[in-house]
Amino acid sequence: MEYKGFMGGFYRITEWIMRIAGSNLLWLLCSSPFMIVLAMKLLLVLQSPTPQPETLTIWIMGILAPFTLFPATAALFSVTRKWVMGESDLSIIKVYFKGYKENYKQSMIGGIFYTVLFAIMYVDYEVYMNQMNNLQMIGMVMLFFLLILFLSLFNFFSLVAHYHLGAFQLIKNAILFTILRPFRTLSTLICAGVLGFLTLRFGWLIFFGFGSLTAFVAFYNFYIAYNKIQEKVERMRQSEDASNVSNSAQDDEDLALDLPTSEEKEKD
């Protein structure tokens, strides 16, 4: 039965609320080991006026993240990918757990890589900033690379959800995509920051929208930039002047991305 007018609009709004909240709850459920430890860490920080240095929970989160948070987030991106591509009338549970199963290996390997690299770069940053007064400029450079690495996570999960590619190829493309399309990635960060601020003000949003809305914005920005790159590459490859194509390929930075030009590696 299809509703029209006010009832039709109200039905569509409630339907989208259920989709957003349902996918967000699935994300929290599948990443719950990591989230529980994170919540404990936040409670310790909030309850202590002068929090003491404590690294045990950070180590536990670092161990848990590749096996829980990364696969759960990749599955969430699989759901929001369907929404961005116009396929909203699908079972959220079915799409989520299909994405969870398909993407688990790539997201786990990527999670291990990102976690180890974050740890190494953060330790280097702390050493250069706090123990080597004459080398603080290097510490600032490390901080910049940490930011790039963090931002590339948005594109990593988008690529995992969209392509059948190896883990290291996904990581390489995610970092390159972040560097070559910084404004799209920064707009995702701004939106995520706004959602994070609202979540701090209204705690219930962590259960009903923070993760799924952030994933939706991230994949939306990725998909727009990705389509523009694909159109540019396709035009260059269809050009009749082979010499011009060769020269353009050397000068075009977008060709540094190692993305398939056909749809054979895109996921269903």
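Summary of values
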item	result
Helices (runs of 4 or more DSSP H) fully within the stretch 61-177 counting 3 or more residues that are over 28 Å from LYS267 (Cα atoms) and not charged (D, E, K, R)	92-130, 136-162
Residue under evaluation SER187, criteria (1) in a helix (DSSP H, G or I); (2) more than 19 Å from GLY62 (Cβ to Cβ); (3) modelled with pLDDT under 90, criterion not met	(3)
Any pair with Cβ under 8 angstrom, 6 or more apart, that starts in the stretch 209-235 at a residue that is farther than 16 Å from TYR163 by Cα and ends at one that is open to solvent by 50 Å² or more (accessible area, probe 1.4 Å) and polar (S, T, N, Q)	VAL233/THR261; GLU234/THR261
First in the stretch 101-112 and β-branched (Val, Ile, Thr), second anywhere and part of a helix (DSSP H, G or I) and open to solvent by less than 70 Å² (accessible area, probe 1.4 Å), Cβ under 6 Å, 6 or more apart	ILE109/ALA167
Condition check for ILE179: open to solvent by 50 Å² or more (accessible area, probe 1.4 Å), touching a residue at least 12 places away in the same chain (Cβ under 8 Å) and among the β-branched types (Val, Ile, Thr)	yes
Selected residue (only one of GLN136, GLN169, GLN131 is surrounded by fewer than 18 Cβ atoms within 10 Å (Cβ to Cβ) and either among the small types (Gly, Ala, Ser) or touching a residue at least 40 places away in the same chain (Cβ under 8 Å) (or both))	GLN169
Filtered residues of the stretch 118-160 (kept if within 23 Å of CYS191 (Cα to Cα) and of a type in the set (Ser, Thr, Tyr))	SER152, SER158
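The values are calculated or read from the model by the stated rules, or taken from the named source; none is laboratory data. In this text, all values refer to a predicted model and were calculated from it rather than measured experimentally. Every residue, glycine among them, receives a Cβ derived from its backbone with ideal geometry; neighbour counts consider all protein chains shown. Just so you know, the surface numbers come from the protein's heavy atoms only, side chains and all, with ligands and any DNA or RNA stripped out. Shrake-Rupley method; radii C 1.70, N 1.55, O 1.52, S 1.80 Å.
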